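The values are calculated or read from the model by the stated rules, or taken from the named source; none is laboratory data. As the structure is a computational prediction, the values presented were derived from the model and not from experiment. Every residue, glycine as well, gets a Cβ built from its backbone with ideal geometry; the counts of neighbours run over all protein chains shown. Keep in mind that these areas ignore ligands, DNA and RNA; they rest on the heavy atoms of the full protein, side chains included. Shrake-Rupley method; radii C 1.70, N 1.55, O 1.52, S 1.80 Å.
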Amino acid sequence: MNRRNAINSMVILSIGAAVFPGCSGKDDTVIKLKNFSLAGCEGNMLSQLTETIIPKTNFIGAADVNAHEFTLLMVDDCYEPERQKKFTNGLKEFDKQVKNKYGNSFISCSPVQKKEWLTALESKKDIPEEVIFFYETAKRHTVQAFTSSREYMTGILKYNIIPGGDFKGCVPVKKA
């Protein structure tokens, strides 16, 4: 075999290796954090959950501020290993509970079904403890991410980074 054929074969093999795994249609992505990892579908489910908690209206929603990423970062960096394990187990059990109730995963549910499920979670009746822990943790960090976003601070709170920013030094002060 000459060198030209060998190079040609290697190029064809490398292109095939790069293209064909992307055609499988199965989500094999993994979200790797420092202390734990999630499957791509679990990350998507968390994203859908945060968007259901704070949906987009005429203002931004939780997905616009990447609240699901903030939640994962907080759990990864600030929680003990036992609580991280409880969070990931709760995430898996959350989706199982939704499949038992509606016959499909949380991602595939309609918006009405998602809201109905969150209402059931808020009542905490017949819901496993790990699911409650996962939901409350996700909700707490979703609200934290949303309310600390720049858009919320400037659009809703009208936060002014410099108090008295309307000071004009060239205008004389009126006597009281």
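Do the conditions hold for residue 103, that is, is it free of Cβ contacts under 8 Å to residues at least 60 places away in the same chain, on the phi > 0 side of the Ramachandran plot and either in contact with a Cys (Cβ under 9 Å, 6 or more places away or on another chain) or surrounded by fewer than 12 Cβ atoms within 10 Å (Cβ to Cβ) (or both)? So residue 103 fits the description; yes. Of all residue pairs spaced 6 or more apart or on separate chains, those with beta-carbon atoms under 6 Å, a first member in region 129-146 that is of a type in the set (Val, Ile, Thr) and a second member that is open to solvent by less than 10 Å² (accessible area, probe 1.4 Å) are 131/90; 131/94; 137/87; 142/50; 142/62; 142/67. Residues in region 106-127 that are among the charged types (D, E, K, R), open to solvent by 80 Å² or more (accessible area, probe 1.4 Å) and either touching a helix residue (DSSP H, G or I) at 6+ places or on another chain (Cβ under 9 Å) or not in a loop (DSSP other than H, G, I, E, B) (or both): 115, 116, 122, 124, 126. Is it the case that residue 130 is acidic (Asp, Glu) and surrounded by 13 or more Cβ atoms within 10 Å (Cβ to Cβ)? Yes, satisfied. Scanning region 106-126 for residues that are among the basic types (Lys, Arg) and either at negative phi or touching a Gly at 6+ places or on another chain (Cβ under 9 Å) (or both) yields 114, 115, 125. Can you tell me how many residues within region 48-60 are over 17 Å from residue 104 (Cα atoms) and crowded, with 16+ Cβ neighbours inside 10 Å? The number of residues fulfilling the criteria is 5.
Each row is one residue, and each column tells you yes or no for (1) closer than 20 Å to residue 33 by Cα; (2) at pLDDT below 90; (3) acidic (Asp, Glu).
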{"position": "45", "(1), (2), (3)": "yes, no, no"}
{"position": "53", "(1), (2), (3)": "no, no, no"}
{"position": "67", "(1), (2), (3)": "yes, no, no"}
{"position": "70", "(1), (2), (3)": "yes, no, no"}
{"position": "127", "(1), (2), (3)": "no, yes, no"}
{"position": "130", "(1), (2), (3)": "no, no, yes"}
{"position": "142", "(1), (2), (3)": "yes, no, no"}
{"position": "158", "(1), (2), (3)": "no, yes, no"}
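Of all residues in region 138-176, those satisfying the criterion of being assigned to a loop (DSSP other than H, G, I, E, B) and surrounded by 13 or more Cβ atoms within 10 Å (Cβ to Cβ) are 149, 156. A search for C-beta distances below 7 Å between a residue of region 29-55 that is without any contact (Cβ under 8 Å) to a residue 40 or more places away in the chain and under 25 Å from residue 118 (Cα atoms) and any residue that is outside any strand (DSSP E or B) and open to solvent by 60 Å² or more (accessible area, probe 1.4 Å), counting only pairs 6+ apart in sequence or on different chains, returns 40/27; 40/29. In region 140-154, is there at least one residue being of a type in the set (Asp, Glu) and within 17 Å of residue 66 (Cα to Cα)? The answer is yes, given that some residue of region 140-154 is of a type in the set (Asp, Glu) and within 17 Å of residue 66 (Cα to Cα).
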